[in-house]
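Q: This is the structure I want to talk about, given as structure tokens.
The values are calculated or read from the model by the stated rules, or taken from the named source; none is laboratory data. On a predicted model such as this, the values are computed, not experimentally measured, just so you know. Note that each Cβ is placed from the backbone with ideal geometry, even for glycine, and that neighbours are counted across all protein chains shown.
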Amino acid sequence: MSLKSEYLQQVYKKVEMRNEHEAEFLQAVLEVLESLEPVIESRPELKQYGIIERMTEPERAIIFRVPWIDDEGKVQVNRGFRVQFNSAIGPYKGGLRFHKSVNLSIMKFLGFEQCFKNSLTGLPMGGAKGGSDFHPQGRSDGEVMRFCQSFMTELYRHIGPDTDVPAGDMGVGGREIGYLYGQYRRITNSTAGVLTGKGLSYGGSLIRPEATGYGLCYFTQEMLQNMRDTSFDGKTVVISGSGNVAIYAAYKAIEFGAKVVAMSDSAGYIYDKDGVDIDFIRELKEVRRGRIAEYPETHPNATYTQDSTGIWNIPCDIALPCATQNELGEASAEALVKNGVMAVAEGANMPSTPGAVAVFQKAGILFAPAKASNAGGVAVSGLEMCQNSARYSWTAEEVDRKLYEIMVNIFHNADNAAKLYGMDGNLVAGANIAGFTKIADAMLAQGVTY
Ligand code: NDP
């Protein structure tokens, strides 16, 4: 364990004992505690009021059965989750993930990280995460609808516009949010804005689908300008994944003058030295729900390689991991550094392993941690909540401008917090400290409740 403070060592040991089989959750907690050493040292009241002990235990974790009927008439049973981590600064907010890998550890790591990310946006949102081990890939629209209806039939009693407002995540896009919202409305006879990422015809916000990817590039551009006096313009970029985050990160990077040469899915990656045809990839993945392996059939200059981790061996100036947790390990980080990467900015949640982060930091590579750099999605979800409450819609330009301002602020808050605690340039520590401070202050002010 790399913690120096005896107190934090004790706290972490207890978290470890209680959650010994939850590797992803423990990884996320340790990373935050490492950043907080100087804060704990300088603010004894945090220890006195058990702030860290409280923050590392969710306020509530709900696990439920989700039965549904497949197209063959067979009853299927999945497991549903909602982990409501911390509501000190506002209603719980965080996405729903539908993926076969979903378990309690992944829900808790995502819910824990979400608290800090939401705090960083400056909007009044607490942190939560939810989802199911249901895997939508290969399922018909009817099956997805029946699953979503069953999932919401339990979830509805735990959420509400001032209590908990879920959104999408992996495997949960516009289609799933539509089915979930329809069932919520039917059960409760209410049109409250209880989910974000909704369609534009029923209370959604412009720019929500684009927000995480665009926000990632706004953050990265600000980091490049402030820390290296450069920009995306003329740079070669590699982006993993080809889902919601990856697609809109690619659009914005290209708009900023970069060339995106590679993208992937869970089966493999494509390399197109001329720059990927992002309109084609968007249509392939969002409309046809196809596989990235199909790309070279219509783009003969491109190659497809099985094994998605190989994408990090492609030389690039900027790497944007936008697929899933722990997708970029130490060996991949070393390959990126060897090939001259200048900046790595996380679009996915915790895509880089601790070993990979250490490689980037040792090599002096600019590194933007997910909590800060991918906060654009939840930020625009927060703006969707504002519009729903006000019964009003902002234009795409208005939402995009607010998103841009939020991402620029997040960069400077993280950068300044790192400087304040003598860790100049360490955005991992800066983001953790800046996100933590607001939540800790709110918890201190509200007494020992949760
Ligand atoms: P999507 O489901 O839209 O896309 C996920 C993409 O990642 C797919 O292309 C998928 O491929 C690929 N993928 C999954 N596992 C692997 C793997 N092991 N190796 C390579 N590629 C893989 O999800 P999102 O784009 O919404 O989310 C991606 C990440 O961003 C997640 O970590 C999510 O938590 C995070 N995030 C998302 C936000 C949002 O607003 N959507 C907000 C903040 C964070 P395949 O099709 O083969 O499964």
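Q: Can you name the number of the only condition in (1) within 16 Å of the ligand (Cβ to nearest atom); (2) assigned to a loop (DSSP other than H, G, I, E, B) that Glu72 fails?
A: (1)
Q: Pick from Ile365, Ile410: which is within 16 Å of the ligand (Cβ to nearest atom) and surrounded by 16 or more Cβ atoms within 10 Å (Cβ to Cβ)?
A: So the residue among Ile365, Ile410 that is within 16 Å of the ligand (Cβ to nearest atom) and surrounded by 16 or more Cβ atoms within 10 Å (Cβ to Cβ) is Ile410.
Q: Is it the case that some residue within the range 285-299 is at pLDDT 95 or above and touching a Pro at 6+ places or on another chain (Cβ under 9 Å)?
A: No, there is no match, as no residue in the range 285-299 is at pLDDT 95 or above and touching a Pro at 6+ places or on another chain (Cβ under 9 Å).
Q: Of the conditions (1) among the polar types (S, T, N, Q); (2) over 25 Å from the mean Cα position of the chain (by Cα); (3) more than 21 Å from Gly340 (Cα to Cα), Thr230 clears all except one; give me its number.
A: Of everything listed in (1) among the polar types (S, T, N, Q); (2) over 25 Å from the mean Cα position of the chain (by Cα); (3) more than 21 Å from Gly340 (Cα to Cα), Thr230 misses just condition (3).
Q: If you scan the range 169-219, which residues turn out to be among the hydrophobic types (A, V, I, L, M, F, W, C), at pLDDT 95 or above, in contact with a Pro (Cβ under 9 Å, 6 or more places away or on another chain) and not in a helix (DSSP H, G or I)?
A: Hits for the range 169-219 are Val172, Val194, Leu195.
Q: Follow-up question, since we're still on this one. Exactly one of (1) part of a helix (DSSP H, G or I); (2) of a type outside the set (Asp, Glu); (3) within 16 Å of the ligand (Cβ to nearest atom) is unmet by Pro296. Its number?
A: Evaluating Pro296 over (1) part of a helix (DSSP H, G or I); (2) of a type outside the set (Asp, Glu); (3) within 16 Å of the ligand (Cβ to nearest atom) leaves (3) as the failure.
Q: Only one residue in Arg157, Arg146, Arg139 is more than 21 Å from the chain's Cα centre (by Cα), under 18 Å from Lys285 (Cα atoms), surrounded by fewer than 21 Cβ atoms within 10 Å (Cβ to Cβ) and of a type outside the set (A, V, I, L, M, F, W, C). Which one?
A: Arg139 is the lone residue from the list that is more than 21 Å from the chain's Cα centre (by Cα), under 18 Å from Lys285 (Cα atoms), surrounded by fewer than 21 Cβ atoms within 10 Å (Cβ to Cβ) and of a type outside the set (A, V, I, L, M, F, W, C).
Q: Right, next: More than 12 Å from the ligand (Cβ to nearest atom), β-branched (Val, Ile, Thr) and farther than 22 Å from Met350 by Cα: is that true of Val261 in this structure?
A: yes
Q: Pick from the range 306-326 the residues that are in a strand (DSSP E or B) and away from the ligand (no atom under 12 Å from the Cβ): which of them is nearest to the chain's Cα centre (by Cα)? It would help to see each step written out before you state the result.
A: Narrowing the range 306-326 to residues in a strand (DSSP E or B): 306, 318-321.
Of the ones still in play, those that are also away from the ligand (no atom under 12 Å from the Cβ) are 318-319.
Details: Ile318: 19, Ala319: 16 Å.
Among those that are in a strand (DSSP E or B) and away from the ligand (no atom under 12 Å from the Cβ), it is Ala319.
Q: Which of the following residues is farther than 30 Å from Gly340 by Cα, buried (at least 20 other Cβ atoms within 10 Å of the Cβ) and without any contact (Cβ under 8 Å) to a residue 40 or more places away in the chain: Val276, Val194, Val287? Before you say what the answer is, go through the steps one by one.
A: Details: Val276 fails: farther than 30 Å from Gly340 by Cα; Val287 fails: buried (at least 20 other Cβ atoms within 10 Å of the Cβ).
One residue alone meets the criteria, Val194.
Q: Tell me which residues, restricted to the range 65-82, are more than 22 Å from Glu20 (Cα to Cα) and either under 28 Å from the mean Cα position of the chain (by Cα) or of a type in the set (Phe, Trp, Tyr) (or both).
A: The answer is Arg65, Val66, Pro67, Trp68, Val77, Asn78.
Q: Can we say His99 is under 15 Å from the mean Cα position of the chain (by Cα), within 30 Å of Glu327 (Cβ to Cβ), modelled with pLDDT of 95 or more and surrounded by fewer than 23 Cβ atoms within 10 Å (Cβ to Cβ)? Lay out the reasoning, then the answer.
A: On the way: under 15 Å from the mean Cα position of the chain (by Cα): yes; within 30 Å of Glu327 (Cβ to Cβ): yes; modelled with pLDDT of 95 or more: yes; surrounded by fewer than 23 Cβ atoms within 10 Å (Cβ to Cβ): yes.
For His99, the condition - under 15 Å from the mean Cα position of the chain (by Cα), within 30 Å of Glu327 (Cβ to Cβ), modelled with pLDDT of 95 or more and surrounded by fewer than 23 Cβ atoms within 10 Å (Cβ to Cβ) - is met.
Q: Continuing with the same structure: Is there a residue being outside any loop (DSSP other than H, G, I, E, B), within 14 Å of the ligand (Cβ to nearest atom) and farther than 15 Å from Lys371 by Cβ anywhere in the range 333-355? Don't jump to the end; show me each part of the working.
A: First, pick out the residues of the range 333-355 that are outside any loop (DSSP other than H, G, I, E, B): 333-338, 343-345, 352, 354-355.
After this cut, where a residue has to be within 14 Å of the ligand (Cβ to nearest atom) as well, the list is 345, 352.
From what is left, the residues that are farther than 15 Å from Lys371 by Cβ are none.
Within the range 333-355, none of the residues are outside any loop (DSSP other than H, G, I, E, B), within 14 Å of the ligand (Cβ to nearest atom) and farther than 15 Å from Lys371 by Cβ.
Q: Still on this structure: From the list Phe360, Phe280, pick out the single residue that is on the phi < 0 side of the Ramachandran plot and within 22 Å of the chain's Cα centre (by Cα).
A: Phe360
Q: Could you please find all residues in the range 204-254 being of a type in the set (D, E, K, R) and either within 16 Å of the ligand (Cβ to nearest atom) or touching a residue at least 12 places away in the same chain (Cβ under 8 Å) (or both)?
A: Answer for the range 204-254, where residues must be of a type in the set (D, E, K, R) and either within 16 Å of the ligand (Cβ to nearest atom) or touching a residue at least 12 places away in the same chain (Cβ under 8 Å) (or both): Arg208, Glu210, Glu222, Arg228, Asp233, Lys235, Lys252.
Q: Another question, then. Check Gly197, Gly203, Gly213, Gly243 and return the single one that is farther than 21 Å from Lys371 by Cα and of a type in the set (Gly, Ala, Ser).
A: When all the criteria are applied, what remains is Gly203.
Q: List every residue pair whose Cβ atoms lie under 9 Å apart, where the two residues are 6 or more positions apart in sequence or sit on different chains, the first residue falls within the range 347-366 and is of a type in the set (Lys, Arg), and the second residue, located anywhere, is more than 16 Å from the ligand (Cβ to nearest atom) and at pLDDT 95 or above.
A: Lys362/Val337
Q: Right, next: Please go through the range 94-130 and give me each residue that is in a strand (DSSP E or B), more than 14 Å from Pro58 (Cα to Cα) and near the ligand (Cβ under 10 Å from one of its atoms), ordered by number.
A: Gly95, Arg97, Phe98
Q: Check whether at least one residue in the range 268-279 is within 30 Å of Ser105 (Cα to Cα), within 16 Å of the ligand (Cβ to nearest atom) and modelled with pLDDT of 95 or more, and report yes or no.
A: Yes.
Conditions (1) within 16 Å of the ligand (Cβ to nearest atom); (2) not hydroxyl-bearing (Ser, Thr, Tyr), marked per residue:
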| position | (1), (2) |
| --- | --- |
| Gly377 | yes, yes |
| Gly382 | yes, yes |
| Ala396 | no, yes |
| Tyr421 | no, no |
| Asp424 | no, yes |
